[in-house]
Amino acid sequence: MDSIARGLLRRLVLAARDLAPIVVVVVLFQTLLFRQPLPDLDGILLGVVFVVLGLALFVYGLEMGLFPLGEALADAFARKGSLAVLLTFAFGLGFATTVAEPALNAVAAKAATVASGAGVIAGTGEAKAAYALALRLTVAVSVGAALVVGMVRIIKGWPIQYFIIGGYALVMAMTAFAPPEIVGIAYDSGGVTTSTITVPLVTALGVGLASAIRGRNPMIDGFGLIALASLAPMIFVLVFGMVV
């Protein structure tokens, strides 16, 4: 319990340190540029305390739970030697974590509302819900597929740069043919998929797998899954826009 308390206290200090520059910038602009007092100062201070606590608990939880879990799973799959099971798990992990991403849900809902206002889809609640769900599922499938490709890349030892360069070249080419109203959504989808839920597990899985395979360097082969998981949604959502 003492080690847990010390670790949590350390994370609280680090979270406060990381948040301090943001607070300083906001206060300086509010007081020096706008020359106005901060509105609802008590609420702001309480919110800052909650943010520090939340960040500290979140990061400490990752260190205690999700990172070791991802590495243990990768090591177990590597020792089991079943490629099909590993790839199935990678796809399922990418799909499930992406569907659960709050940022993706928010972007999909906003995209459905804007699409309805622009006349791209009907203005009914059912149409907007169906559009948002289809967008979320498209992105989730793309992240699952990206993790499958990433797992194969780690196993084979293929360089990551070829996938990234080729993928972005494909995105640029598809942008010329995709409907203009889907392009921004596609680009944003690449960012919102790699957020609080997906990143810890995916990173731990990649590093764990590279560590468990003889001849693989975790620093070289273990990272890069997040880049693939950010790239694939752009391609899939551009295709979604062309089809839908």
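The values are calculated or read from the model by the stated rules, or taken from the named source; none is laboratory data. From a predicted model like this one, the values you see are computed outputs, not experimental measurements. Heads up, the Cβs are rebuilt from the backbone with ideal geometry, glycines too, and the neighbour counts pull from every protein chain shown. Quick note on the areas: whole protein, heavy atoms, side chains included, nothing else; ligands and nucleic acids left out. Shrake-Rupley method; radii C 1.70, N 1.55, O 1.52, S 1.80 Å.
Checking each residue in the stretch 32-90 for being within 20 Å of the chain's Cα centre (by Cα) and either part of a loop (DSSP other than H, G, I, E, B) or polar (S, T, N, Q) (or both) picks out only Thr88. Looking only at the stretch 1-31, residues that are open to solvent by 50 Å² or more (accessible area, probe 1.4 Å), of a type in the set (D, E, K, R) and either within 16 Å of Val59 (Cα to Cα) or part of a loop (DSSP other than H, G, I, E, B) (or both) come to 4 in all.
Does Ser230 satisfy the condition of being polar (S, T, N, Q), within 17 Å of the chain's Cα centre (by Cα) and open to solvent by less than 10 Å² (accessible area, probe 1.4 Å)?
So Ser230 does not fit the description; no.
Please work out which residue is modelled with the highest pLDDT, limiting yourself to the stretch 160-178 and to residues that are over 22 Å from the mean Cα position of the chain (by Cα) and loosely packed, with under 12 Cβ neighbours inside 10 Å. Once the filter is applied, the top-ranked residue is Ala173.
Against the condition assigned to a helix (DSSP H, G or I) and surrounded by 17 or more Cβ atoms within 10 Å (Cβ to Cβ), how does Thr113 come out, does it pass? Lay out the reasoning, then the answer.
Numbers: assigned to a helix (DSSP H, G or I): yes; surrounded by 17 or more Cβ atoms within 10 Å (Cβ to Cβ): no.
Taking the combined requirement at face value, the residue does not satisfy it.
Given the structure, is Tyr131 part of a helix (DSSP H, G or I), hydroxyl-bearing (Ser, Thr, Tyr) and open to solvent by 50 Å² or more (accessible area, probe 1.4 Å)? In short, no. Taken over the stretch 52-67, residues that are surrounded by 16 or more Cβ atoms within 10 Å (Cβ to Cβ) and over 28 Å from Gly94 (Cβ atoms) amount to 1.
Looking only at the stretch 68-91, filter to residues that are open to solvent by 70 Å² or more (accessible area, probe 1.4 Å) and in contact (Cβ under 8 Å) with a residue 60 or more places away in the chain; which one of those is nearest to Ile155 (Cα to Cα)? The residue in question is Leu83. Is it the case that Ala140 is within 14 Å of the chain's Cα centre (by Cα) and exposed (fewer than 15 other Cβ atoms within 10 Å of the Cβ)? Criteria not met by Ala140.
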